[in-house]
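The values are calculated or read from the model by the stated rules, or taken from the named source; none is laboratory data. All values reported here derive from a predicted model rather than from experimental measurement. Here Cβ is always computed from backbone atoms with ideal geometry, including for glycine, and neighbour counts include all displayed protein chains. Surface areas here come from the heavy atoms of the whole protein model, side chains and all, with no ligands, DNA or RNA. Shrake-Rupley method; radii C 1.70, N 1.55, O 1.52, S 1.80 Å.
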Amino acid sequence: MLHGKDLVSIRDLEKGDIELILRRAAEMDKALGTGKPIEILKRKIVATLFFEPSTRTKMSFQTAAKRVGAQIINLTSVESSSLKKGETLADTLRMVDGYSDLIVIRHAAEGAARYAAEICQRPVVNAGDGGNQHPTQTLLDLYTITKMKGKLEGLSVYLVGDLKYARTMRSLLYGLAMFGADVTLVAPEGLEMNPGVIKEAKERFGAKVREHSAMELGGADVAYVCRIQKERFADPYEAEKVQKTFRITMDALRGVKDDLAILHPLPKIDEMDPEIDKTKYARYFEQARLGVPVRMAILAEIMGA
Ligand code: NCD
């Protein structure tokens, strides 16, 4: 049961909760396809507080809220709010808690969503806290993979890119582990997944994980790629150095499985040859669209509709 609960980390969810959201997302997806009205959250107000840049997560949450009939209040920027005058995040959160029925927050500080959840009475949904977690992205990734491949168990999923700083990858590793996928981690040197995260994924969720240094995608059913998270590097020149050398070229797609799906949380920058967009493997724009039904399902489950 998710009714009234916060969604801070994918680790807080039971497998059954995730299955419920995936089923509900499939219903929403179908209803969107047929144009059937789904206004089950009329009179509810969703607050979107994004203190870090966002295109997809913010817009798909706002679209999802509108599709289920809810209204949005939005803190557009720190510059235009009283945070600019020096108001604390805690006080800002207390206000928004009194105005809305559910709060979606993205913040650069790891643990920010957990902090918000402690302050607010209303359910808080983490839309990304620094390099830590991004649970709604993982739910949409699990939905996308299940929709495209029909299953998660036993599937060979490669996580490719900046595994050190990308919250999408951390969250997804836990999610894939819960559902028994075989995970291969491929990272540029120095940007490997935190060993503590791998250990937890293995010990708590029985993750099947191997690490691979070469860009070799031959065995993958799904290659999930992410960009170098430049904004999280202490030294931006270091990030630029990796950005120049880490790239998935058309060559890397030689010998891949015929039905390989390349996914990406987006935005993509230099880590993939843009020619890949034109191949049948590129499925990331479809994936981005699925953010709407999945976030509709999340809002409906948490707000008890
Ligand atoms: C990701 C994020 O913000 O973590 N984007 C997203 O939410 N779709 C990925 C990224 O910024 O690289």
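Here are the numbers:
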{"read-out": "Where LYS199 falls short, out of the listed (1) of a type in the set (Lys, Arg); (2) surrounded by 19 or more Cβ atoms within 10 Å (Cβ to Cβ); (3) farther than 18 Å from TYR284 by Cβ", "value": "(2)"}
{"read-out": "Test: residue in segment 244-261 that is under 30 Å from LEU7 (Cβ atoms) and at pLDDT 95 or above", "value": "yes"}
{"read-out": "All helices (runs of 4 or more DSSP H) inside segment 151-263 with 1 or more residues being within 24 Å of LYS15 (Cβ to Cβ)", "value": "167-178, 195-205"}
{"read-out": "Segment 207-226: number of residues that are over 14 Å from LEU172 (Cα atoms) and either in contact with a helix residue (DSSP H, G or I) (Cβ under 7 Å, 6 or more places away or on another chain) or free of Cβ contacts under 8 Å to residues at least 60 places away in the same chain (or both)", "value": "10"}
{"read-out": "Extreme residue, nearest to GLU231 (Cα to Cα), among residues of segment 30-53 that are open to solvent by less than 40 Å² (accessible area, probe 1.4 Å) and in contact with a Gly (Cβ under 8 Å, 6 or more places away or on another chain)", "value": "GLU52"}
{"read-out": "ARG94 vs. criteria touching a helix residue (DSSP H, G or I) at 6+ places or on another chain (Cβ under 8 Å), in a strand (DSSP E or B) and of a type in the set (Lys, Arg)", "value": "no"}
{"read-out": "Candidates LYS164, LYS202 - the one that is within 16 Å of the ligand (Cβ to nearest atom), closer than 22 Å to ASN132 by Cα and basic (Lys, Arg)", "value": "LYS164"}
{"read-out": "Residue check, ILE269 closer than 17 Å to VAL160 by Cα, within 16 Å of the ligand (Cβ to nearest atom), under 23 Å from the mean Cα position of the chain (by Cα) and open to solvent by 70 Å² or more (accessible area, probe 1.4 Å)", "value": "yes"}
{"read-out": "Boolean, TYR281 is at pLDDT 95 or above and away from the ligand (no atom under 16 Å from the Cβ)", "value": "yes"}
{"read-out": "Single unsatisfied condition, ILE276 versus (1) open to solvent by 30 Å² or more (accessible area, probe 1.4 Å); (2) in contact with a helix residue (DSSP H, G or I) (Cβ under 9 Å, 6 or more places away or on another chain)", "value": "(1)"}
{"read-out": "Those residues of segment 75-108 which are touching a strand residue (DSSP E or B) at 6+ places or on another chain (Cβ under 7 Å), open to solvent by 40 Å² or more (accessible area, probe 1.4 Å) and closer than 20 Å to SER54 by Cα, in sequence order", "value": "HIS107"}
{"read-out": "Segment 109-121, residues that are touching a residue at least 60 places away in the same chain (Cβ under 8 Å) and surrounded by fewer than 24 Cβ atoms within 10 Å (Cβ to Cβ)", "value": "ARG114, ALA117"}
